[in-house]
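For reference, the structure is listed below as structure tokens.
Nothing in this text is a laboratory measurement; each read-out follows from the coordinates by a stated rule. Keep in mind it's a predicted model, so treat the numbers as computed, not measured. Cβ atoms come from the backbone with ideal geometry, glycine included; neighbour counts cover every protein chain shown.
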RNA sequence: CCAGGGGUACCCAAGCGGCCAAAGGGGGCAGACUGUAAAUCUGCUGGCUCACGCCUUCGGGGGUUCGAAUCCCUCCCCCUGGACCA
């Protein structure tokens, strides 16, 4: 649904922006923003780390779609510098830049099309371009650094997919401050990422009112904190490292992070351009306990990918012997049926696979041949991680 | 720059002159069992071979030896601490 002219309808904005999220920091600040009537700017940053999986292609971009529909100016930040600092893609800056503007940009655009969006409405920004001849940026990095502590930066390196306490080179300590500075230098009121990026956003909010050089301000010129919105992560398709999952909430959170879809474990993830048979095969191998809904990747995906929109439905073909074809009009209905044993895991898997194959058709076609196929082929020859 | 500890197959980790293609675990793959996966059990898991066997591996390079992952030299890298700057 295209919005030729922006229509200011705060309550619609609210539900679009707020839905399917793990958290909003804070809801009150978001409300204030929406009611201000100011044009809203959003950003989400991506490390250029390899193939685009469904968490990035459908969950991240799904939220971007909501924001675009709500009339927010959305920026997709291609974080080539961060990628280099984090030793991804072989640590070659020129190659990273090339993949960012080639494969990655094209892949995110194709993902956006899978969601029914028009990529022309997205603004892609490359880190290198943002920082070029921009002393203000590095000033902002230092301003952020002056307003947080070393201990806090060290704790925040989990945003890089690093373990707390892991030995790292010093450059990596710049990463969180750079990520925070990206928000302020671009003047975005809405910073968006997965819940795993929470620590960076909390630092941004905590130092927002102290910044001297590039504070975020409202139209009255008052300093404000950026609103942070965090979408959930998808579960990886494999069995959780600890099973059964302990009941304590804190442990659950930690564990959930270790169970997220990871592109370094190929069988845990599906990529936007995977072939139909790969999608079927990966789902067939997925962990799918018939009596657990909380840590069941297939149900998790069903809920987050197939029922993200109100009014979604899922049709599952079954043989007459297995109960015949069924359709579910809501996730809750499907989950109930599954837990009652009326919907067999294998049938759920094939149903989910077939629907995903449909959804991903635009991305698959985009990368099937020509220039984009070449970009993908080239990417696959590059090691994902390495120290220079 | 110094001291100490390390670098072994996809990962962790034993081995410390021949019996080492290299124990053990994990992971992966295949099969059995389940209308899925998991769990459990069986086999495979450097390359080429049906196989005997051959070839390439133990951070890089160079030596010693009939023979080296194992000893010596040298270089590189990682970790812990120290020194330098004061």
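In percent, what relative contact order does chain A have, based on Cα pairs under 8 Å that are 6 or more apart in sequence?
20
Going by C-beta contacts inside 10 Å, put A:349, A:336, A:212 in order with the fewest on the left.
A:212, A:336, A:349
Give me the percent of DSSP beta bridges within chain A that run antiparallel, rounded to the nearest 5. Intermediate results must be reported in sequence, preceding the final value.
Working: 10 of 30 bridges.
Looking only at bridges with both residues in chain A, the antiparallel portion is about 35 percent.
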Over the alpha-carbon set of chain A, work out the extent along each principal axis and list the three values in angstrom, largest first.
69, 50, 48
Find the percent of Cα-Cα distances in the stretch A:10-231 that exceed 32 Å, and round it to a whole number.
13
Roughly what would the spin-label model give for residue A:73 and residue A:284, points 7 Å off Cα along C-beta, in nm?
5.0
Residues in the stretch A:355-375 that a label on residue A:120 would reach, taking backbone N under 15 Å of a point 7 Å out along Cα→Cβ:
none
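How much of the DSSP beta bridge set in the stretch A:10-231 is antiparallel, as a percent to the nearest 5?
Numbers: 4 of 24 bridges.
About 15 percent, rounded to the nearest 5.
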Points 7 angstrom from Cα along the Cβ direction at residue A:277 and residue A:327: gap in nanometres?
3.1
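What is the order of A:49, A:369, A:156, fewest Cβ neighbours within 10 Å to most?
A:369, A:49, A:156
So if each residue of separation counts as 0.36 nm, and I subtract the Cα-Cα distance between residue A:312 and residue A:150, what length gain in nm does that give? Please list the in-between numbers first.
Numbers: separation 162, 0.36 × 162 = 58.32 nm, distance 4.64 nm.
Taking 0.36 nm per residue and subtracting the Cα distance, the gain is 53.7 nm.
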Residue A:336-residue A:242 FRET efficiency (beta carbon distance; Förster radius 30 Å; 0.05 resolution):
0.65
Expressed in nm to one decimal, what extension gain is obtained for the pair residue A:32 and residue A:262 from 0.36 nm per residue of sequence separation less their Cα-Cα distance?
79.2 nm
Order of A:259, A:61, A:375 from fewest to most other C-beta atoms within 10 Å?
A:375, A:259, A:61
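Roughly what percent of Cα-Cα pairs across the stretch A:278-365 reach past 20 Å?
Numbers: 1109 of 3828 pairs.
Across the stretch A:278-365, Cα pairs with separations above 20 Å total 29 percent.
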Can you give the relative contact order of the stretch A:10-231 as a percent, counting alpha carbon pairs under 8 Å and 6+ residues apart?
25
Estimated distance in nm for a label pair at residue A:293 and residue A:162, the labels positioned 7 Å out from Cα along Cα-to-Cβ:
4.0
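Need one number: the % of Cα-Cα pairs in the stretch A:6-110 sitting beyond the 19 Å mark.
Percent of Cα pairs beyond 19 Å in the stretch A:6-110: 50.
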